[in-house]
């Protein structure tokens with residue numbers, strides 16, 4: 001307060017005027033403090049500092065939760081031991097499955113051998129599957145003891161399915177008479193023979209090899 005009075009006097013106010021000013025401050029409940037804590041600038045800076053610290057604390061990410069304690073490794077499941085009086089495996093089913101797999105393997109080997117045979121005889125690549133299907137319809141087709149395909153008349157196959165081989169086979173058309181079941185000759189032309197399916201020609205060759213040779217040679 002004394003410093004404030006001195007300030008007023010230094011401004012040219014007389015003692016009476018200074019006292020009136022001090023009384024007016026008192027009546028208006030306006031108080032002056034000489035401590036640094038009551039200085040508005042200092043108080044503002046302190047409050048600003050606390051506010052900034054609070055903002056920074058709220059913006060910071062929450063602390064990570066503590067890592068869980070390591071757990072001991074789980075024990076591997078125990079293998080179940082079959083009971084002595086449990087159900088016995090069906091040996092018949094096993095034998096049937098083994099037989100099925102063996103038959104499937106034999107069929108695959110036969111199909112591969114037939115495909116190789118067709119390629120050797122210059123069958124077109126696009127016709128391999130078709131010709132294989134036709135050949136496998138004959139149950140007499142098999143792999144012989146020499147390891148080669150048996151039961152396939154490749155010459156006859158080329159005549160029946162000319163377009164499926166690289167070289168066309170030319171045949172001479174001639175009308176021949178085939179005997180009927182009762183012995184009477186029947187009218188079957190060379191053209192009809194040429195149109196016979198592969199399986200039909202194979203049956204004819206087995207039933208009458210001599211007649212088949214004549215028709216095959218076009219005599």
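Conditions: (1) modelled with pLDDT under 70; (2) within 54 Å of the chain's Cα centre (by Cα); (3) exposed (fewer than 14 other Cβ atoms within 10 Å of the Cβ). Residue 177 meets all but one. Number of the miss?
In the conditions (1) modelled with pLDDT under 70; (2) within 54 Å of the chain's Cα centre (by Cα); (3) exposed (fewer than 14 other Cβ atoms within 10 Å of the Cβ), residue 177 misses (2) alone.
Could you check how many residues of segment 21-42 are loosely packed, with under 10 Cβ neighbours inside 10 Å and either at pLDDT 80 or above or in a loop (DSSP other than H, G, I, E, B) (or both)?
7
May I ask you to list the residues in segment 199-219 that are at pLDDT below 80 and not in a helix (DSSP H, G or I)?
Within segment 199-219, 218, 219 meet the criteria.
Pairs only if they're at least six apart or on different chains, beta carbon under 7 angstrom, first in segment 118-137 and free of Cβ contacts under 8 Å to residues at least 12 places away in the same chain, second buried (at least 16 other Cβ atoms within 10 Å of the Cβ) and in a helix (DSSP H, G or I); list them, first residue then second.
No pair meets every condition.
Would you confirm whether or not segment 93-110 contains a residue that is surrounded by 10 or more Cβ atoms within 10 Å (Cβ to Cβ), closer than 26 Å to residue 216 by Cβ and modelled with pLDDT of 85 or more?
Yes; the residues of segment 93-110 include at least one that is surrounded by 10 or more Cβ atoms within 10 Å (Cβ to Cβ), closer than 26 Å to residue 216 by Cβ and modelled with pLDDT of 85 or more.
The values are calculated or read from the model by the stated rules, or taken from the named source; none is laboratory data. If you're wondering where the values come from, they're calculated on a predicted model, not measured in any experiment. So basically every Cβ, Gly included, is an ideal-geometry build from the backbone, and we count neighbours across all protein chains shown.
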